[in-house]
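Chemist: One structure, as structure tokens, below. Some questions next.
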Amino acid sequence: MQYQLYDTLLWRHIPVHKLTSAMINSSGRNNRGRITAFHRGGGVPRRYRVVDFRRRFYNIPAIPVRFERDPNRSAPLCLLCYSNGVLSYILGVRDLSATKFIYSGSDSPLEPGNALPLSKIPIGYFIHNVGGSYIRGNGQKAQILRQTNNMTVLRMPSQEIRSFVNTTFATIGTIQKSRILSNLKKAGRSRWQNKRPHVRGVAMNPVDHPHGGGEGKTSGGRPSCSPWGILTKGYKTRNPRKLMRHILEPRSHAISKIK
């Protein structure tokens, strides 16, 4: 019977020290000492886990050692040990077997955890970590829809249809989904996570916030915004003047079809 690496086996202790780097907590201040990102400060000291998104050890077999929790990202990590003795972190992959080797290269088998060019992956497969930059979140995946001579068309997790160059590397499988604690249980835990108390704008005076003043908990009849009037519930940030030639179907079209 094949042994599987499960989420319940997440390593929550000290990581491999040589695969980490120091993180400096700026507490939301810029190089002049002025606060530019509010409600940040304190927190438990952390070290950044250096993840091999590019899968740079080609054609060298590796064995998965364990899944680890990374406090700097939502997805868990998987510690690999290559045949030459090198240790490396990659994103945790669902249904990853602890008895099979993991490869990176054009001739790698079509199994979860292996990294190949998009031209070598058949249509319909689920992939992640495309180009070392896309689809790296908790439980995320993309699906290959069609391929041409030079491009591969993917359905992104946002339902956006996007094309990539065939030589772009991607990892087969879905990212392992880890449980994220939504209930912090006490205010102290929020302070451990580098979060300072947040004061509501409606509780302030009009001179301090656009939502300030008035009676009760009303926001003055305007949308939720920051102290400087910037919308906080989300707004379009993509530059309309920028040519998006690789986006074949935007996310808005997919949502309208579902409705």
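Chemist: Given a cut-off of 23 Å, name the pairs among 18/186; 100/120; 141/186; 141/233 whose C-alpha atoms lie farther apart than that in the structure shown.
Modeler: 18/186; 141/186; 141/233
Chemist: I need to check one value: relative contact order of the chain, counting alpha carbon pairs closer than 8 Å and at least 6 residues apart, in percent.
Modeler: The normalised contact order for the chain reaches 16 percent.
Chemist: With springs only between Cα atoms under 10 Å apart, run a GNM on the chain and tell me which of 114, 72, 31 wobbles the most.
Modeler: Evaluated over the chain, the most mobile residue of the options is 31.
Chemist: Taking the Cα centre of the chain as origin and charging only Cβ (+1 Lys, Arg; -1 Asp, Glu), how large is the dipole, in debye to the nearest 20?
Modeler: 920
Chemist: Here's a follow-up. Please order 68, 249, 215 by the number of other Cβ within 10 Å, starting at the fewest.
Modeler: The fewest-first ordering by Cβ neighbours comes to 215, 249, 68.
Chemist: Determine, for 24, 172, the number of other Cβ atoms within 10 Å of each Cβ, and report the residues in order from fewest to most.
Modeler: 24, 172
Chemist: Exposure proxy check: 13, 128 ranked by fewest other beta carbons within 10 Å?
Modeler: Ordered by Cβ neighbours within 10 Å, fewest first: 13, 128.
Chemist: Share of Cα-Cα pairs in the range 7-172 beyond 28 Å, in percent?
Modeler: Summing the P(r) tail past 28 Å for the range 7-172 gives 31 percent.
Chemist: Between beta-carbons, use under 12 Å as the cut-off and find the net charge around residue 209, counting Lys and Arg +1, Asp and Glu -1.
Modeler: Counting the neighbours of residue 209, the net charge comes to +1.
Chemist: Here's a follow-up. Highest GNM mean-square fluctuation, the chain, Cα pairs closer than 10 Å: which of 132, 42, 234?
Modeler: 234
Each reported figure results from applying straightforward, stated rules to the coordinates on display, with no laboratory input. Predicted model only: the values in this text are computed from it and were never measured. Don't worry about glycine lacking a Cβ; one is built from the backbone with ideal geometry, like all the others, and counts go over all protein chains shown.
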